[in-house]
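Asker: Here it is, the structure, as structure tokens.
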């Protein structure tokens, strides 16, 4: 259980860093600025929504019986 929490924590930390780093670096140089930003934020939002869906689907309260 602890390894799983560390995994999700690191994954979200990487996603937060990517949200700040990718738009300000020339990683999307082959695309126009508006199209590249739109594409990045849409993909980023979908990944975050999927990750949050996985986390909440596995959410259990072990105190209730």
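Asker: Taking the condition at negative phi and modelled with pLDDT of 90 or more, does residue 6 pass?
Answerer: Values: at negative phi: yes; modelled with pLDDT of 90 or more: yes.
Spelling it out, residue 6 is indeed at negative phi and modelled with pLDDT of 90 or more.
Asker: Could you check, for the stretch 39-60, whether at least one of its residues is farther than 30 Å from residue 4 by Cβ, modelled with pLDDT of 70 or more and in a helix (DSSP H, G or I)? Lay out the reasoning, then the answer.
Answerer: We begin by selecting, within the stretch 39-60, every residue farther than 30 Å from residue 4 by Cβ; these are 39.
Among the residues that remain, those that are also modelled with pLDDT of 70 or more are: 39.
Filter again for in a helix (DSSP H, G or I), leaving 39.
Within the stretch 39-60 (the criterion being farther than 30 Å from residue 4 by Cβ, modelled with pLDDT of 70 or more and in a helix (DSSP H, G or I)), the answer is yes, since at least one residue qualifies.
The values are calculated or read from the model by the stated rules, or taken from the named source; none is laboratory data. Predicted model, so just to flag it, every value in this text is computed and none were measured. Counting neighbours? That spans all protein chains shown, and the Cβs are built from the backbone with ideal geometry, glycine included.
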